[in-house]
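The values are calculated or read from the model by the stated rules, or taken from the named source; none is laboratory data. Owing to the predicted nature of the structure, the values given are computational and were not obtained by experimental measurement. Heads up, the Cβs are rebuilt from the backbone with ideal geometry, glycines too, and the neighbour counts pull from every protein chain shown.
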Amino acid sequence: MAGHGDISKLKGWFSLLCLLGFALCGCRRDAPPPAETLRSQLLRDACDALMAGDTQRSLDALARLEDASASDPFAAAARERVEHHDRLVTINEALRQGRIDDASRLVDQATGPGFRAAAQAAPAVAAVAALQQYLRQQPFATSDDGEVALRALNPHRALLETSPAFCEFAQQQTAALAALRRREEVAVVDWLVGELDTAAVSGAPFCAERLAHLAAIRPDHDVVKTWEAACASDLKALNRLSGLTAGEATARRSFEVGICLAWYDMSPAAWQAVAPPLALGSPASASGQLLKAAAAAEVGQYEEAVRSLQTLASLAQATVASRHVARLLSRYVLTPQQAQAWCWRTPCPGVADILACIIQLRTTPR
């Protein structure tokens, strides 16, 4: 994104932009009059001075011409026109040098012929001032901030877009804001998946809210698709999605979280479809560690199951929902009657508690 340094970089086209709105009036040298009268000499002096850029000398010559030809309105009209021209040049020079505040002050404080010049220059000065304000706000903290700032230029777009340099600049800004928006979305999605990983294992109450948020911004996300397929016992979709376990860590993590969110309510057929791939490879999430323990136990790999639970116990978010504990124990460790024993009936035992009780019972899993 552009910063304050862009102001000096854009000075050149600031001036060109303003000149597009100005009707600067020059003075054309006409053929000299046949007689070198005082009137014709003063007029030539005024024109020569104006063409040389010496506005004050031109005004002095026109003032003398006005005195010498009091009955001729030409001198007064010419003097007003030169004052008009001088004010436009002064405003334009302030813009050329990046002194936007000075240009605005010249517009606001103008009187007489300068007032008409200021009224003519005002739209361009306001447009450049708005653009300067936009640049001062960079870099934007969020894409929303950038979009609000860019919309603030809309009242001036018709004039600004007469400059090819501004059109190119606006395209760059729009592309940069779109890229920032994509980065923000990726960050939000990653945060949501992390939150859902924790919630899927611990049974946190915000689970449904986070899942709805993810589905709203990324309805085709692998977490959402996996959860939907698992809840619907869509074996065809689950078989296809289980290939994510062999992909990169991000893809596997999404599959693990989606399955863990639906795990408690999954049908036996759906679980049997996903357990083998979950038992293979290295889990990419807390959900994956929990599911790998269950999947390993499903095929009699109890030592592997215990190792996965030990790894889960070492994680910061190692609180396991009581319903997951009940499922693990009743299915792979204890009989349903044993699972009701007092030592298991804590509101939400941690993984370390599970391991300690398994060791104490020294139960042979069925």
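If HIS156 meets every condition in (1) modelled with pLDDT of 95 or more; (2) surrounded by 17 or more Cβ atoms within 10 Å (Cβ to Cβ); (3) not polar (S, T, N, Q) apart from one, which number is that one?
Among (1) modelled with pLDDT of 95 or more; (2) surrounded by 17 or more Cβ atoms within 10 Å (Cβ to Cβ); (3) not polar (S, T, N, Q), HIS156 violates only (1).
Answer yes or no: is there a residue in region 179-190 that is surrounded by 17 or more Cβ atoms within 10 Å (Cβ to Cβ) and closer than 30 Å to LEU312 by Cα. Walk me through it before giving the result.
First pass over region 179-190, keeping only residues surrounded by 17 or more Cβ atoms within 10 Å (Cβ to Cβ): 180, 189.
Okay, now just the ones that are also closer than 30 Å to LEU312 by Cα, so 189.
Checked against the condition, which is being surrounded by 17 or more Cβ atoms within 10 Å (Cβ to Cβ) and closer than 30 Å to LEU312 by Cα, region 179-190 yields at least one hit.
Residues checked against (1) part of a helix (DSSP H, G or I); (2) under 16 Å from LEU291 (Cα atoms); (3) of a type outside the set (Val, Ile, Thr):
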| site | (1), (2), (3) |
| --- | --- |
| VAL201 | yes, yes, no |
| ALA204 | no, no, yes |
| ARG210 | yes, no, yes |
| LEU214 | yes, no, yes |
| LYS225 | yes, no, yes |
| ASN239 | yes, no, yes |
| THR250 | yes, no, no |
| GLU256 | yes, yes, yes |
| ALA262 | yes, yes, yes |
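Of these, LYS225, LYS236, which one is surrounded by fewer than 17 Cβ atoms within 10 Å (Cβ to Cβ) and of a type in the set (Lys, Arg)?
Result: LYS236 is the single residue among LYS225, LYS236 that is surrounded by fewer than 17 Cβ atoms within 10 Å (Cβ to Cβ) and of a type in the set (Lys, Arg).
Hey, can you tell me all the residues within region 288-320 that are in a helix (DSSP H, G or I), under 21 Å from SER254 (Cβ atoms) and either modelled with pLDDT under 85 or charged (D, E, K, R) (or both)?
LYS292 - this is the single residue of region 288-320 that is in a helix (DSSP H, G or I), under 21 Å from SER254 (Cβ atoms) and either modelled with pLDDT under 85 or charged (D, E, K, R) (or both).
Would you pick out the residues in region 114-151 that are within 15 Å of LEU177 (Cα to Cα), of a type outside the set (Phe, Trp, Tyr) and without any contact (Cβ under 8 Å) to a residue 40 or more places away in the chain?
GLN137, ALA141, ASP144, ASP145, GLU147, VAL148, ALA149, LEU150, ARG151, listed by residue number.
Please find, among LEU214, LEU290, the residue that is aliphatic (A, V, I, L, M) and either in contact with an Asp or Glu (Cβ under 7 Å, 6 or more places away or on another chain) or farther than 19 Å from VAL325 by Cβ (or both).
LEU214
Using beta carbons and a limit of 6 Å, which pairs, at least six apart or on different chains, have the first residue in region 277-305 and among the polar types (S, T, N, Q) and surrounded by fewer than 22 Cβ atoms within 10 Å (Cβ to Cβ) and the second one at pLDDT below 90 and outside any helix (DSSP H, G or I)?
none
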